[in-house]
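Colleague: Here you go, one structure.
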Amino acid sequence: MKLWSLSLAVLFSFLTLTTLLPARAELSSWGYDQDHCKAIFVVTHAGLAPVTGWFKKIRGRVEFDSANLKNSRVKAKIETESLDSGSHFRDFHLKSEHFFDIKNFSVISFESTEIKPLGPGKFQMTGTLEIRGIKKTVVLDCQGPRGPIFDDHKQDRMGFSARTKINRKDFGMDWNREVAKNVLMLGDLAEINLEIELIKVPGVKTSKH
């Protein structure tokens with residue numbers, strides 16, 4: 001009888017413990033839609049007007065937890081060769097060793113370290129940004145995720161936007177010159193705007209405790 005009572009107590013304790021343990025989060029995997037993604041940067045020219053450029057090729061994976069956004073993970077690599085600013089001459093200079101130095105650094109990488117929901121349709125994402133081999137922590141203010149939708153090509157799609165600012169000099173892009181008395185060609189701060197559309201990878205799921 002004592003052995004039976006002890007067995008019941010152990011079983012009850014085990015069931016109670018498993019109930020209290022956090023559930024295993026199931027993450028769905030999403031890829032970047034190259035035709036609907038853009039990483040945009042904006043820098044002030046001569047203190048007068050913003051000049052905009054963008055990268056057209058972004059690859060990587062997003063592991064998305066629809067039940068708890070903070071469990072999601074974001075990884076991205078931006079191909080520096082895909083830079084386009086609308087000017088062939090300016091693109092040549094931006095791809096040179098003065099700026100993105102694409103011969104030595106073919107990608108810009110980002111990996112999230114924390115995602116913090118802020119309310120419906122808003123979240124903050126902290127992560128490590130690497131440009132020209134230099135890593136810095138950045139914080140992005142994000143809107144979304146929007147969707148998902150199931151489109152007419154039988155694909156699940158989802159989107160989000162992200163904004164932040166960086167100092168280009170923090171990543172070794174120090175070049176500048178005077179274009180008028182006491183007026184430099186470029187501002188130091190660059191505004192980063194990300195417009196991202198994702199496609200769900202069929203049948204790929206991961207888990208995270």
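Where a number appears in this text, it was derived from the coordinates with a stated rule and is not lab data. Please read these numbers as outputs of a predicted model, since none were measured by experiment. No Cβ is skipped: glycine too gets one built from the backbone with ideal geometry, and neighbour counts run over all protein chains shown.
Colleague: Enumerate the strands (runs of 3 or more DSSP E) found wholly within segment 96-209, keeping only those where 1 or more residues are touching a residue at least 12 places away in the same chain (Cβ under 8 Å) and under 22 Å from H36 (Cα atoms).
Modeller: Working: elements: 107-119, 122-131, 134-150, 156-167, 178-180, 186-208.
Correct list: 107-119, 122-131, 134-150, 156-167, 186-208.
Colleague: Could you check how many residues of segment 27-64 are aliphatic (A, V, I, L, M), closer than 14 Å to L198 by Cα and either surrounded by fewer than 15 Cβ atoms within 10 Å (Cβ to Cβ) or out of contact with any Lys or Arg (no Cβ under 9 Å at 6 or more places or on another chain) (or both)?
Modeller: 0
Colleague: Could you list all residues from segment 65-86 that are closer than 19 Å to N104 by Cα, buried (at least 18 other Cβ atoms within 10 Å of the Cβ) and of a type in the set (G, A, S)?
Modeller: A76
Colleague: Could you tell me which residue of segment 42-59 is nearest to V183 (Cα to Cα), considering only residues that are touching a residue at least 40 places away in the same chain (Cβ under 8 Å) and within 14 Å of the chain's Cα centre (by Cα)?
Modeller: F55
Colleague: If you don't mind, there's one more thing I want to ask. Taking M158 as the residue in question, decide whether it is more than 28 Å from G187 (Cβ to Cβ) and of a type in the set (A, V, I, L, M, F, W, C).
Modeller: Values: more than 28 Å from G187 (Cβ to Cβ): yes; of a type in the set (A, V, I, L, M, F, W, C): yes.
Yes, satisfied.
Colleague: From the residues in segment 138-194 that are within 19 Å of the chain's Cα centre (by Cα) and polar (S, T, N, Q), which one is farthest from K95 (Cα to Cα)?
Modeller: So, considering only residues that are within 19 Å of the chain's Cα centre (by Cα) and polar (S, T, N, Q), the one farthest from K95 (Cα to Cα) is Q143.
Colleague: With K95, K165 as the choices, which residue is closer than 20 Å to F55 by Cα and surrounded by fewer than 16 Cβ atoms within 10 Å (Cβ to Cβ)? Reasoning before the result, please.
Modeller: Values: K95 fails: surrounded by fewer than 16 Cβ atoms within 10 Å (Cβ to Cβ).
None of the others qualify; the one that does is K165.
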